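The values are calculated or read from the model by the stated rules, or taken from the named source; none is laboratory data. Keep in mind the model is a prediction, meaning the values are calculated, not measured. Cβ atoms come from the backbone with ideal geometry, glycine included; neighbour counts cover every protein chain shown. Calculation scope for accessible area: heavy atoms of the full protein, side chains included, ligands and nucleic acids excluded. Shrake-Rupley method; radii C 1.70, N 1.55, O 1.52, S 1.80 Å.
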Protein chains: 4
Amino acid sequence: VDLNYPYTHELKVRFRDVDMMGHVNNSVYLTYLEEARTGFWEFLFRDNREFWKISFILASISIDYRSPAFYRDSIEICIRLNQIGTKSFSFHYLIRNKNSGTLLAEADSVMVMYDYEKEETYPIPQGMRGIFLSKGQ
Amino acid sequence: VDLNYPYTHELKVRFRDVDMMGHVNNSVYLTYLEEARTGFWEFLFRDNREFWKISFILASISIDYRSPAFYRDSIEICIRLNQIGTKSFSFHYLIRNKNSGTLLAEADSVMVMYDYEKEETYPIPQGMRGIFLSKGQ
Amino acid sequence: VDLNYPYTHELKVRFRDVDMMGHVNNSVYLTYLEEARTGFWEFLFRDNREFWKISFILASISIDYRSPAFYRDSIEICIRLNQIGTKSFSFHYLIRNKNSGTLLAEADSVMVMYDYEKEETYPIPQGMRGIFLSKGQ
Amino acid sequence: VDLNYPYTHELKVRFRDVDMMGHVNNSVYLTYLEEARTGFWEFLFRDNREFWKISFILASISIDYRSPAFYRDSIEICIRLNQIGTKSFSFHYLIRNKNSGTLLAEADSVMVMYDYEKEETYPIPQGMRGIFLSKGQ
């Protein structure tokens, strides 16, 4: 557990996650981030179901690969709010080997509040902002 | 092209399809069958949109792996109606290397007409049966 | 835990496992079987490393889909030796929702001892057969 | 075809690429980049097999998602050399809907020459640099 991160997600590397090179494939790390992100969301908004299914889009991801992961590795993904703007927010992630503590990757993602029906962005609701600031960092 | 099969679907093996052993992973063949199945469906019901989104479930799949597939291989999946009952139908598939003709796998799947709302099976509509029999084998 | 099965593998449904229909995609069940199979292998041959990396091929899989699985479901896969011949052996699998006990799928796979260098099948070693019979069923 | 890009890779969105939201999943775009990257590599070094399997690592990826992709979409990924240093090089990618031309995503990746045995980086060979500069941009 890393005290700088309010939420940590754990998972196991599957055989299918690994590619011909014997390492977890680069695209699969984004699946790991996705698992952490949805777990973090549940952690943040457990008691505020009005934000549970609020509509936003994933605008960008950047990831630095630091060390390869292997079949059966136990992985932990630490996640925290990084920045919050008027209509967007970003998360920072660490992906680590749970047993050795080795840093496997570091990543950031930006999400933007987006109304699919109106096809336009909208401001982060106040209540949601409050939870981000109190529980997300 | 195999004259015994009314529809053939082509695709390329992606790097991500291959596992640590250097072969296309066993689960990915079901993704190839799925591509062939949806292509076949479009082929069958192109002019009969009422059957385009008709509700059925995939009940079972059996697959025999005959020869490994590799990265960048061009694959063809031949598909035909195999059996048709009152409420269910089955497809037969060949998966082949398009260039060498090598048989990679042979498979069958059974589909059952199913109404998700009523949570019950129902008979294959007459029009759909007619198309299956005329264009599907 | 099912007393008829010597080994049970647990995993969580990832967001990426689910398809457009909102259910775990049919091909992903084979990834779940694969996880159970490699876990079972480790369970069987933990103390007999000579069989750890012994060479065989997956010859066939058949699977009956019984009930859909959903995002975040906790899954358990029960696995046991089903049949053993001179050169081949088969496993039987149950895939269940761990919390509700609902049967999600039932499957069989056949594996054949195969020497990739000689490109030929070979008999199951006696020691391996013994472990299969004592610990695998 | 985009004249600013020496190589364009084409592929089709598979059913399995799409997630519960009905869009191509964010992680799958990295699989598309990977396909383009290996195709570009073949394009660059077709006549220089000494660089075909040269050892490097993927150090980082950043991707901006611009517009969703859907099942059966025809995708094209344009790729070019972006920067080249002593020991590292980067590619820039556009992912577009082939039919409409809609920009789906824009991405960059950094690769570093890396010797897995010695566990150290090394300079880009002169011949490889020459091909990058003449054919890669």
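Do we find that B:Met113 is among the aliphatic types (A, V, I, L, M), part of a strand (DSSP E or B) and more than 18 Å from B:His9 (Cα to Cα) in this structure?
On the way: among the aliphatic types (A, V, I, L, M): yes; part of a strand (DSSP E or B): yes; more than 18 Å from B:His9 (Cα to Cα): yes.
For B:Met113, the condition - among the aliphatic types (A, V, I, L, M), part of a strand (DSSP E or B) and more than 18 Å from B:His9 (Cα to Cα) - is met.
Just a yes or no: is a residue in the range B:25-47 open to solvent by 50 Å² or more (accessible area, probe 1.4 Å) and within 14 Å of chain C (Cβ to nearest Cβ)?
Checked the range B:25-47: no residue is open to solvent by 50 Å² or more (accessible area, probe 1.4 Å) and within 14 Å of chain C (Cβ to nearest Cβ).
With the structure loaded, tell me whether B:Tyr5 is within 14 Å of chain C (Cβ to nearest Cβ), aromatic (Phe, Trp, Tyr) and open to solvent by less than 40 Å² (accessible area, probe 1.4 Å) or whether it fails that test. Lay out the reasoning, then the answer.
Working: within 14 Å of chain C (Cβ to nearest Cβ): no; aromatic (Phe, Trp, Tyr): yes; open to solvent by less than 40 Å² (accessible area, probe 1.4 Å): yes.
It is false that B:Tyr5 is within 14 Å of chain C (Cβ to nearest Cβ), aromatic (Phe, Trp, Tyr) and open to solvent by less than 40 Å² (accessible area, probe 1.4 Å).
State whether the residues of the range C:48-62 include one that is in contact (Cβ under 8 Å) with a residue 40 or more places away in the chain, in a strand (DSSP E or B) and crowded, with 23+ Cβ neighbours inside 10 Å. Outline the logic, then answer.
Quick first cut of the range C:48-62, residues in contact (Cβ under 8 Å) with a residue 40 or more places away in the chain only: C:48, C:50-51, C:54-62.
In the following step, the residues that additionally are in a strand (DSSP E or B) were identified as C:56-62.
Next, only the ones that are crowded, with 23+ Cβ neighbours inside 10 Å stay: C:61.
Yes, some residue in the range C:48-62 is in contact (Cβ under 8 Å) with a residue 40 or more places away in the chain, in a strand (DSSP E or B) and crowded, with 23+ Cβ neighbours inside 10 Å.
Determine the pairs where a residue that is within 10 Å of B:Ile75 (Cβ to Cβ), located within the range B:1-13, has a partner that is open to solvent by 100 Å² or more (accessible area, probe 1.4 Å) and not β-branched (Val, Ile, Thr) with Cβ atoms under 8 Å apart, the partner being 6 or more residues away or on another chain.
B:Leu11/D:Lys12
C:Tyr122 versus (1) closer than 24 Å to B:Glu106 by Cα; (2) within 14 Å of chain B (Cβ to nearest Cβ): which is the lone unmet condition?
For C:Tyr122, the exception is condition (2).
Working only within the range D:1-42, note down all residues that are farther than 30 Å from D:Ser134 by Cα and among the hydrophobic types (A, V, I, L, M, F, W, C).
D:Val13, D:Phe15, D:Val18, D:Met20, D:Met21, D:Val24, D:Val28, listed by residue number.
Within the range D:66-98, track down each residue that is out of contact with any helix residue (DSSP H, G or I) (no Cβ under 7 Å at 6 or more places or on another chain), more than 14 Å from chain A (Cβ to nearest Cβ) and within 30 Å of B:Arg37 (Cβ to Cβ).
D:Arg72, D:Asp73, D:Ser74, D:Glu76, D:Arg96, D:Asn97, D:Lys98
For (1) in contact with a strand residue (DSSP E or B) (Cβ under 8 Å, 6 or more places away or on another chain); (2) at pLDDT 95 or above, each residue gets a yes or a no:
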| position | (1), (2) |
| --- | --- |
| C:Arg46 | no, no |
| C:Glu50 | no, no |
| C:Ile54 | yes, no |
| C:Asp64 | yes, yes |
| C:Gly85 | no, yes |
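Can you confirm whether the range C:79-90 contains a residue that is open to solvent by less than 20 Å² (accessible area, probe 1.4 Å), part of a helix (DSSP H, G or I) and touching a Leu at 6+ places or on another chain (Cβ under 7 Å)? If you could, list the steps in order and put the result at the bottom.
Step one: of the range C:79-90, the residues open to solvent by less than 20 Å² (accessible area, probe 1.4 Å) are C:79, C:81, C:89-90.
From what is left, the residues that are part of a helix (DSSP H, G or I) are none.
No, the conditions are met nowhere in the range C:79-90.
Give the residue that is nearest to D:Asp17 (Cα to Cα), with candidates limited to residues of the range C:1-53 that are aromatic (Phe, Trp, Tyr) and within 14 Å of the chain's Cα centre (by Cα). Explain how you work it out, then say what you get.
Step one: list which residues in the range C:1-53 are aromatic (Phe, Trp, Tyr), which gives C:5, C:7, C:15, C:29, C:32, C:40-41, C:43, C:45, C:51-52.
Okay, now just the ones that are also within 14 Å of the chain's Cα centre (by Cα), so C:5, C:7, C:29, C:32, C:40-41, C:43.
Details: C:Tyr5: 34, C:Tyr7: 32, C:Tyr29: 16, C:Tyr32: 18, C:Phe40: 30, C:Trp41: 30, C:Phe43: 33 Å.
Filtering first and then ranking leaves C:Tyr29.
Just to be sure before I move on: is C:Ile63 more than 9 Å from every other protein chain (Cβ to nearest Cβ), of a type in the set (Val, Ile, Thr) and under 12 Å from the mean Cα position of the chain (by Cα) in the structure I sent? Full working, then the answer.
Values: more than 9 Å from every other protein chain (Cβ to nearest Cβ): no; of a type in the set (Val, Ile, Thr): yes; under 12 Å from the mean Cα position of the chain (by Cα): yes.
So C:Ile63 does not fit the description; no.
Please go through the range A:94-120 and pick out each residue that is closer than 23 Å to D:Pro68 by Cβ, surrounded by 15 or more Cβ atoms within 10 Å (Cβ to Cβ) and not acidic (Asp, Glu). Break it down stepwise before answering.
Taking the range A:94-120 and keeping what is closer than 23 Å to D:Pro68 by Cβ, we get A:107-120.
From what's left, surrounded by 15 or more Cβ atoms within 10 Å (Cβ to Cβ): A:107-114.
Hits for the range A:94-120 are A:Ala107, A:Ser109, A:Val110, A:Met111, A:Val112, A:Met113, A:Tyr114.
I'd like to check something: does the range C:9-18 contain any residue that is facing another protein chain (nearest Cβ under 9 Å), open to solvent by 40 Å² or more (accessible area, probe 1.4 Å) and out of contact with any helix residue (DSSP H, G or I) (no Cβ under 6 Å at 6 or more places or on another chain)?
yes
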